[in-house]
Amino acid sequence: MQRIGVFVCWCGSNIAGTVDVHAVAEALKNESGVVFSTDYQYMCSQAGQDIIKNAIAEHKLTGIVVCSCSPRMHEATFRKTAAAAGLNPYMVEIANIREQCSWVHKDMLSGTEKAVILGRAAIAKVHLNAPLTPGQSPVAKRALVIGGGIAGIQTALDIADAGFPVDIVETKPTIGGKMAQLDKTFPTLDCAACILTPKMVDAAQNELIKIYSYSEVSQVSGYVGNFDVTIKRRARYVKEDLCTGCGLCTEKCPQKKVPNEFNLGMDNRRAIYIPFAQAVPKIATIDPDYCTMLKTGKCGICSKVCTAGAIDYTAKDEYITEKYGAIVVATGYNPISMEKFDEFAYSQSKDVITSLEFERLTNAAGPTAGKLLRPSDGEHPHKIVFVQCVGSRCDSCAEKGKEYCSKICCMYTAKHAMLTRDKYPDTEVYVFYIDVRTPGKAFDEFYRRAVEEYGVHYVKGMVGKVVPQGKKLMVQASDLIDGKQLHIDADLVVLAAAIEPDKSARPLATMLTASMDTNDFFTEAHPKLRPVESPTAGVFLSGACQGPKDIPETVSQASAAAAKVIGLLCKDHLTGNPCVASANEMLCSGCSQCANVCPYGAITYSEKEFRMPNRTTLMRRVASVNPAVCQGCGACTVACPSGAMDLNGFKNNQIMAEVDAICRN
Amino acid sequence: MKVTYFPGCTLKNKARDLDEYARKSAEALGITLEEPETWQCCGGVFTTANDEVATKLSSVRLLKAAAEAGQPLVTVCSACHNVVKQTNYAMANDPTFADRVNRYMAEKTLYTGDTKVYHYLELLRDVVGFENLAKAVKKPLTGKKIGAYYGCLLLRPGKVMGMDDPENPRIIEDLIRALGGEVVTYARRNECCGGYVSAESPALAKKNSNLIAENAASAGAELLVTACPLCKYNLEKNGSSVPVVYFTELLAEALGLKEDAND
């Protein structure tokens with residue numbers, strides 16, 4: 001039999017204003033097992049906590065009920081109080097007589113009656129409480145960052161700065177991501193490469209950072225603090241430790257007709273290549289789809305010219321496994337395909353380009369060495385039409401585009417328009433928009449400069465059709481403010497394509513059991529209060545994989561994610577939550593219902609031998625819960641058809657005892 | 001497979017080719033087109049007078065006849081297809097309209113929009129299959145540079161027609177490929193030819209038609225293929241530099257059913 005103490009809090013007048021706290025304390029005195037009951041003005045105060053501690057010692061209490069505010073507010077406080085007095089903290093129950101009683105009732109009589117009932121339920125539960133001890137698991141002091149764009153680089157740098165080793169896994173041969181392809185960055189117009197490449201070099205030179213380029217995550221198991229990750233290192237046919245990045249091979253390779261993805265196919269590279277001059281790591285990679293040697297066995301020129309002897313045509317994919325305490329997802333975004341938007345004639349004319357292609361056309365390291373020239377004939381365009389929201393905010397065409405706003409397009413289009421007018425004042429520039437959305441520090445001023453100082457024609461309305469005719473692009477559009485149709489004979493049309501999460505995100509989310517929204521953006525644990533954590537413990541989010549973001553926001557989130565990772569890696573052990581589920585193997589029928597509903601992937605199955613009558617044995621499939629992964633949500637206990645699943649601290653009989661106590665007259 | 005086949009008035013007069021080659025090709029592809037014993041004009045003007053009932057009754061009777069025969073309904077003309085599908089959609093999704101129509105018709109059984117309506121092109125794509133069609137081709141249109149001309153009615157409104165993306169269609173292009181021809185894509189392939197405006201403002205229709213033909217010609221099309229008698233009329237009347245044929249004629253030619261094939 002438990003010896004239970006009841007402590008009724010006034011919370012000033014918050015509770016005492018609507019609930020007769022003395023009457024509650026008196027009424028609960030008569031409940032079975034209650035040996036002490038009192039009320040006090042602020043139970044959470046030091047004096048209030050002392051009352052509890054003294055009562056535990058004096059009355060040899062084995063369980064306590066605090067009738068106060070929501071357990072979200074002070075459960076932890078009162079558990080600590082109990083622990084300080086030598087009582088197991090899980091022998092404390094809270095009856096919420098504030099949020100769920102005094103705040104919602106006006107009448108003292110009914111408020112008091114309800115408070116007594118809530119107290120009664122908590123007492124009934126304490127009778128069945130058992131001391132619980134949280135388990136501990138060690139923390140592997142190494143972090144994994146998946147994706148080597150600006151988000152991944154910043155996260156890795158910050159984690160390494162705190163003294164923890166961190167690995168970056170990047171699918172491309174170099175880190176740098178989309179930012180490496182950009183020309184200037186808004187709103188300050190500093191050159192993207194100038195601010196990014198030093199960070200890339202920092203990452204490469206940092207002893208705590210290991211970069212696995214041309215690699216991908218192929219398998220993840222384990223849980224927070226203890227992830228086991230298999231990384232596939234794709235064969236690049238060049239020995240990383242020997243290649244000096246001299247680039248001789250990339251000059252001598254006879255296969256010259258490979259579309260250069262770094263310049264979005266607007267020029268060609270060789271079959272052996274270094275993506276761009278500042279690539280990190282600066283190591284050549286052989287493209288197996290185009291290399292004559294790999295395809296036919298006849299060539300070998302790169303091997304002959306390589307003075308370092310780094311070429312290895314026999315290389316195979318390698319797999320390495322590593323233990324990590326935390327994983328950061330930084331898989332980024334891509335512009336959507338323009339295939340389904342051919343009303344803008346993207347497939348029909350080389351002079352209809354996307355904004356990212358425009359970025360390369362104006363970049364000094366791009367296919368035109370920074371001169372803005374039409375892709376079709378290399379002439380200077382005199383009239384340029386920018387079309388915003390191509391595939392963004394598509395509520396009527398959701399099967400073609402995206403319902404959301406891609407967020408970055410208004411600003412980069414203003415940047416493109418402004419830079420064009422600045423460099424080529426003889427060029428007429430039109431921007432068609434649905435809305436101009438430029439909130440952000442110094443953002444709206446930037447857009448207004450494009451309009452007011454640089455004379456960019458901003459037209460509210462959408463382009464309906466682009467018709468290639470001779471050397472011109474006939475643009476049909478509507479001007480909604482003037483209410484008229486516009487026909488513009490443009491030389492170049494630039495489409496601000498919507499952005500979407502990288503294709504690798506979905507399979508990665510499955511491996512990590514991290515949740516995603518319907519657009520394949522990773523979901524955060526709380527949209528306002530936990531924006532850089534995935535609901536899956538130990539998995540953190542950095543950059544555009546969580547939603548469209550510009551560079552300043554991405555970098556902020558990257559550092560925030562790093563701070564969370566550092567907080568985790570600082571701990572030697574993680575204290576688990578003892579309120580986790582467990583399976584009663586005698587009742588479990590191995591039906592998998594619980595595993596199907598578990599959002600955390602905490603439940604596994606194994607074949608187990610059971611003793612049967614007459615010395616026979618039986619092999620049965622039974623569930624088991626990994627307590628380090630279980631978050632104690634209770635979904636499995638409801639789903640289990642045989643009642644084999646139970647949740648510590650919230651056992652089925654405890655819940656039923658509470659219900660019985662509430663229903664008792 | 002047996003289907004109820006609705007040619008429509010124009011196919012009995014100006015657009016006989018569209019009808020004739022549709023029948024021949026269907027037979028060769030193993031589809032029996034059953035024309036109802038009696039039928040009337042589809043009504044012709046759904047979109048211009050969508051608030052009244054009388055002009056839609058003939059379409060509803062046709063749809064009901066197909067429902068009673070237990071067959072899908074197949075149309076060829078773009079305009080008929082548009083009217084019949086819109087009427088069917090309204091019967092299925094607009095209870096007020098359906099109620100008015102059913103009261104007006106005062107028949108024993110109600111019609112609630114259950115008939116499946118195919119455009120002949122959809123029949124080729126979804127029932128025959130372009131892959132199977134390609135296998136049935138006897139005289140492939142090799143080397144012919146053909147532009148698809150959709151016009152405005154065939155695919156719009158996109159949700160109701162449910163046939164293809166009105167802005168970026170491909171069904172006729174896929175047909176041309178299946179028949180062995182070379183596809184020429186040009187931007188104005190889904191623009192309006194001028195339609196009935198040719199009666200009231202011939203100059204406007206001429207302007208529209210010419211823009212389309214010029215765009216197709218500059219993209220390298222040597223032949224335009226359409227499903228719409230009015231499109232063909234407008235383009236030809238306004239002196240299209242590119243010849244215009246019905247898709248069924250092209251189909252019959254590739255299937256080796258055209259007697260005076262001049263290749």
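The values are calculated or read from the model by the stated rules, or taken from the named source; none is laboratory data. In this text the structure is predicted, and so the values were computed from the model without any measurement. When we count neighbours, we look across all protein chains shown, and the Cβ atoms used for this are built from the backbone with ideal geometry, even at glycine.
Based on what the data block shows, is A:LYS106 outside the structural domain of A:GLY543 (by TED's automatic domain parsing) and modelled with pLDDT under 95?
So A:LYS106 passes the test.
Mind checking which residues of the stretch A:1-22 are surrounded by fewer than 17 Cβ atoms within 10 Å (Cβ to Cβ) and among the aliphatic types (A, V, I, L, M)?
Answer for the stretch A:1-22, where residues must be surrounded by fewer than 17 Cβ atoms within 10 Å (Cβ to Cβ) and among the aliphatic types (A, V, I, L, M): just A:MET1.
Sort out which residues of the stretch A:128-162 are buried (at least 16 other Cβ atoms within 10 Å of the Cβ), of a type in the set (Val, Ile, Thr) and part of a loop (DSSP other than H, G, I, E, B), and write them in order of number.
Residue satisfying the conditions is A:VAL139 alone.
Against the definition (over 30 Å from A:VAL539 (Cβ atoms), surrounded by fewer than 20 Cβ atoms within 10 Å (Cβ to Cβ) and within 14 Å of chain B (Cβ to nearest Cβ)), how does A:LYS340 come out, yes or no?
Numbers: over 30 Å from A:VAL539 (Cβ atoms): yes; surrounded by fewer than 20 Cβ atoms within 10 Å (Cβ to Cβ): yes; within 14 Å of chain B (Cβ to nearest Cβ): yes.
Against the criterion (over 30 Å from A:VAL539 (Cβ atoms), surrounded by fewer than 20 Cβ atoms within 10 Å (Cβ to Cβ) and within 14 Å of chain B (Cβ to nearest Cβ)), A:LYS340 qualifies.
May I ask you to verify whether A:VAL622 is in a strand (DSSP E or B), of a type in the set (Val, Ile, Thr) and touching a residue at least 24 places away in the same chain (Cβ under 8 Å)?
Values: in a strand (DSSP E or B): yes; of a type in the set (Val, Ile, Thr): yes; touching a residue at least 24 places away in the same chain (Cβ under 8 Å): yes.
So A:VAL622 passes the test.
Taking A:THR536 and the conditions (1) over 19 Å from A:PRO335 (Cβ atoms); (2) surrounded by 18 or more Cβ atoms within 10 Å (Cβ to Cβ); (3) in the same structural domain as A:GLY225 (by TED's automatic domain parsing); (4) over 14 Å from the mean Cα position of the chain (by Cα), which numbered condition does it fall short on, given that it satisfies the others?
Here A:THR536 clears every test but (4).
Which one of the conditions (1) modelled with pLDDT of 95 or more; (2) hydrophobic (A, V, I, L, M, F, W, C); (3) surrounded by 16 or more Cβ atoms within 10 Å (Cβ to Cβ) does A:LEU242 fail to meet, given that it meets all the rest?
(3)
Pick from A:TYR404, A:TYR424, A:TYR433: which is among the aromatic types (Phe, Trp, Tyr), over 25 Å from B:ASN168 (Cβ atoms) and away from chain B (no Cβ under 14 Å)?
A:TYR424
Return the total of residues in the stretch A:554-579 being closer than 21 Å to A:ALA326 by Cβ, modelled with pLDDT under 95 and either touching a Ser or Thr at 6+ places or on another chain (Cβ under 8 Å) or β-branched (Val, Ile, Thr) (or both).
4
From (1) among the hydrophobic types (A, V, I, L, M, F, W, C); (2) assigned to a helix (DSSP H, G or I); (3) surrounded by 18 or more Cβ atoms within 10 Å (Cβ to Cβ), pick out the condition that doesn't hold for A:ILE195.
(3)
Of everything in the stretch B:146-166, what is within 14 Å of chain A (Cβ to nearest Cβ), modelled with pLDDT of 95 or more and over 15 Å from the mean Cα position of the chain (by Cα)? Give them in sequence order.
Listed by number, the list holds a single entry, B:GLY147.
Determine whether the stretch A:379-391 contains at least one residue that is without any contact (Cβ under 8 Å) to a residue 40 or more places away in the chain, within 29 Å of B:GLY220 (Cβ to Cβ), more than 14 Å from chain B (Cβ to nearest Cβ) and surrounded by fewer than 20 Cβ atoms within 10 Å (Cβ to Cβ).
no
Hey, B:GLY143 hits all of (1) within 14 Å of another protein chain (Cβ to nearest Cβ); (2) among the small types (Gly, Ala, Ser); (3) exposed (fewer than 14 other Cβ atoms within 10 Å of the Cβ) but one; which does it fall short on?
(1)
Can you name the residue in the stretch A:75-102 that is in contact with a Ser or Thr (Cβ under 6 Å, 6 or more places away or on another chain) and in a helix (DSSP H, G or I) and, of all such residues, is nearest to A:LYS29 (Cα to Cα)?
That would be A:SER102.
What are the residues in the stretch A:373-401 that are assigned to a loop (DSSP other than H, G, I, E, B) and more than 37 Å from the chain's Cα centre (by Cα), if any?
Kept after step one, since they are assigned to a loop (DSSP other than H, G, I, E, B), are these residues of the stretch A:373-401: A:373-382, A:391-401.
Hits for the stretch A:373-401 are A:LEU373, A:ARG374, A:PRO375, A:SER376, A:ASP377, A:GLY378, A:GLU379, A:HIS380, A:PRO381, A:HIS382.
Quick check on my filter: what residues within the stretch B:2-30 are more than 17 Å from the chain's Cα centre (by Cα) and either at pLDDT below 90 or buried (at least 17 other Cβ atoms within 10 Å of the Cβ) (or both)?
Matches in the stretch B:2-30: B:LEU29 only.
Name every residue in the stretch A:227-280 that is polar (S, T, N, Q), under 28 Å from A:VAL166 (Cα atoms) and in contact with a Gly (Cβ under 7 Å, 6 or more places away or on another chain), in order of residue number.
none
Would you confirm whether or not the stretch A:612-626 contains a residue that is under 25 Å from A:ILE123 (Cα atoms), in contact with a Ser or Thr (Cβ under 9 Å, 6 or more places away or on another chain) and surrounded by 13 or more Cβ atoms within 10 Å (Cβ to Cβ)? Break it down into steps so the answer makes sense when it comes.
At the first step, the residues of the stretch A:612-626 found to be under 25 Å from A:ILE123 (Cα atoms) are none.
Looking through the stretch A:612-626, none of the residues is under 25 Å from A:ILE123 (Cα atoms), in contact with a Ser or Thr (Cβ under 9 Å, 6 or more places away or on another chain) and surrounded by 13 or more Cβ atoms within 10 Å (Cβ to Cβ).
Among the residues of the stretch A:354-368, is any buried (at least 20 other Cβ atoms within 10 Å of the Cβ), within 14 Å of chain B (Cβ to nearest Cβ) and assigned to a helix (DSSP H, G or I)?
no
Does A:ALA345 qualify as being more than 30 Å from A:CYS545 (Cβ to Cβ), in the same structural domain as A:CYS394 (by TED's automatic domain parsing) and modelled with pLDDT under 95?
It is true that A:ALA345 is more than 30 Å from A:CYS545 (Cβ to Cβ), in the same structural domain as A:CYS394 (by TED's automatic domain parsing) and modelled with pLDDT under 95.
May I ask you to verify whether B:LEU121 is more than 14 Å from chain A (Cβ to nearest Cβ) and closer than 27 Å to B:ALA54 by Cβ?
Taking the combined requirement at face value, the residue does not satisfy it.
A quick yes/no check of all residues on (1) out of contact with any helix residue (DSSP H, G or I) (no Cβ under 8 Å at 6 or more places or on another chain); (2) assigned to a strand (DSSP E or B); (3) closer than 21 Å to A:ALA558 by Cβ; (4) not assigned by TED's automatic domain parsing to the domain that holds A:PRO548:
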| position | (1), (2), (3), (4) |
| --- | --- |
| A:VAL466 | no, yes, no, yes |
| A:GLN476 | yes, yes, no, yes |
| A:ILE481 | yes, no, no, yes |
| A:LEU486 | yes, yes, no, yes |
| A:LEU495 | no, yes, no, yes |
| A:LEU508 | yes, no, yes, yes |
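Tell me which of these A:ILE64 doesn't satisfy, since it passes every other one: (1) in contact with a Ser or Thr (Cβ under 6 Å, 6 or more places away or on another chain); (2) crowded, with 20+ Cβ neighbours inside 10 Å.
Here A:ILE64 meets the rest and fails (1).
Mind listing whichever residues of the stretch A:300-352 are at positive phi and not aliphatic (A, V, I, L, M)?
A:GLY300, A:GLY309, A:GLY332
Any idea how many residues of the stretch B:82-104 are among the hydroxyl-bearing types (Ser, Thr, Tyr), closer than 24 Å to B:MET163 by Cα and surrounded by fewer than 23 Cβ atoms within 10 Å (Cβ to Cβ)? First the steps, then the outcome.
Kept after step one, since they are among the hydroxyl-bearing types (Ser, Thr, Tyr), are these residues of the stretch B:82-104: B:87, B:89, B:96, B:104.
If we keep only those that are closer than 24 Å to B:MET163 by Cα too, we end up with B:87, B:89.
Right, trim to surrounded by fewer than 23 Cβ atoms within 10 Å (Cβ to Cβ) and you get B:89.
Of the residues in that region, 1 qualify.
So which pairs qualify, if the first residue must be in the stretch A:452-470 and within 14 Å of chain B (Cβ to nearest Cβ), the second must be assigned to a loop (DSSP other than H, G, I, E, B), the Cβ gap must be under 6 Å, and the two must be at least 6 apart or on different chains?
Qualifying pairs under 6 Å: A:VAL466/A:ALA345; A:PRO468/A:ALA345; A:PRO468/A:GLN348; A:PRO468/A:SER349.
Just checking, which of A:GLU216, A:GLU207 is in a loop (DSSP other than H, G, I, E, B) and either out of contact with any Phe, Trp or Tyr (no Cβ under 6 Å at 6 or more places or on another chain) or surrounded by fewer than 18 Cβ atoms within 10 Å (Cβ to Cβ) (or both)?
A:GLU207
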